[in-house]
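Worksheet: the structure to be examined is printed underneath.
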Amino acid sequence: MGYKILSKKEICPNQFELTIEAPFVVRNARAGQFIIFRAEENGERVPLTIADVNKQSGELTIVFMAVGYSTKKLAQLDVGDEIPDIVGPLGKPTDIKKYGTVVCLAGGYGAAPCYLIAKAFKEAGNKVYMIMGARNKDLIFWADKMKDACNELFITTDDGSLGEKGFVTDVLARLMDKEKIDYAIAVGPMPMMRAVAELTRDKGIYTEASMNPIMVDGTGMCGACRITVGGEVKFACVDGPDFDAHKIDFDEVINRTKIYKDQERKRDENCNLLKQSNI
């Protein structure tokens, strides 16, 4: 028995939102956790963060970009189709408590997991700012949902096509000058999360970064999500995905992700060559 797709939307170019019937997955799901899916029998295991849940109806929402083989296969499924396997919730949930003033920073597709995180912090009695950033307006999604999940929403785009022209760190710096920030969490590209960590370090603002972009197997066995935090080896999928951003060795992570991207590009090129040779 698979997991039925209840709705499907292309919310940005090549980026999809799926709502899936998965009552046993969402029953214990919390902000910051992830699932692993297989788009087909004997397919590869792919981790995706949980974007939203409806515990009353048992519905799970995921947001993903169709970039690799499995996510492209997932994007080909439609309403009524079934996903063969979903395992979750996995990973440690975000530590939700009352800090005071919280800033959630979402870069690109990082906005998806930030929705539940911001919502949970707001429900815990925090004043929550959300800062969403992307290259252009076409890559901003869920703005209306984010407004409901936080006290105030800021949007930045690199080209100025929506919101402010600039980066999420520009808004963060302004907020830090205006009032006391007690906690920040960044979810998105590695350079963005590193920039947030450097900005908050001198202010002594406890900051966490989500390492979900580097997860592959989701069980800690493959070692792809290995990172160094405070001089200790950690695995994002079992020890995280959230870690103290001021203790993460971002240089190590960024260098390794470059190697993975090069390998993935070569794999895709080889797959295309094999397809062409069989035509």
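Summary table below
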{"item": "Enumeration of residues in segment 21-51 that are within 16 Å of ASN212 (Cα to Cα), among the charged types (D, E, K, R) and modelled with pLDDT of 90 or more", "result": "ARG30"}
{"item": "Residue match in segment 112-123 (condition: modelled with pLDDT of 95 or more and either surrounded by fewer than 18 Cβ atoms within 10 Å (Cβ to Cβ) or closer than 23 Å to GLU41 by Cβ (or both))", "result": "yes"}
{"item": "Residue match in segment 125-143 (condition: more than 20 Å from LEU175 (Cα to Cα) and free of Cβ contacts under 8 Å to residues at least 12 places away in the same chain)", "result": "no"}
{"item": "Condition met for GLY125 (in contact with a strand residue (DSSP E or B) (Cβ under 6 Å, 6 or more places away or on another chain) and of a type in the set (Gly, Ala, Ser))", "result": "no"}
{"item": "Qualifying residue in segment 66-88 (condition: outside the structural domain of GLU123 (by TED's automatic domain parsing), farther than 22 Å from ALA143 by Cα and in contact with a Ser or Thr (Cβ under 8 Å, 6 or more places away or on another chain))", "result": "yes"}
{"item": "Sole residue being of a type outside the set (A, V, I, L, M), surrounded by fewer than 18 Cβ atoms within 10 Å (Cβ to Cβ) and in contact with a strand residue (DSSP E or B) (Cβ under 6 Å, 6 or more places away or on another chain), chosen from LYS178, LYS203, LYS147, LYS165", "result": "LYS147"}
{"item": "Residue tally, condition over 16 Å from ASN54 (Cβ atoms) and among the aliphatic types (A, V, I, L, M), over segment 5-20", "result": "1"}
{"item": "Flag if GLU59 is in contact with a Leu (Cβ under 7 Å, 6 or more places away or on another chain) and either modelled with pLDDT of 95 or more or not assigned by TED's automatic domain parsing to the domain that holds GLY204 (or both)", "result": "yes"}
{"item": "When residues of segment 21-47 are limited to those that are polar (S, T, N, Q) and more than 14 Å from the chain's Cα centre (by Cα), the one surrounded by the most Cβ atoms within 10 Å (Cβ to Cβ)", "result": "ASN28"}
{"item": "Considering residues of segment 1-20 that are within 19 Å of GLU41 (Cβ to Cβ) and assigned to a strand (DSSP E or B) only, the residue modelled with the lowest pLDDT", "result": "TYR3"}
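The values are calculated or read from the model by the stated rules, or taken from the named source; none is laboratory data. All figures in this text were calculated on a predicted structure; none of them were measured in a lab. Cβ coordinates were reconstructed from backbone atoms using ideal geometry, including for glycine residues, and neighbour counts include every protein chain displayed.
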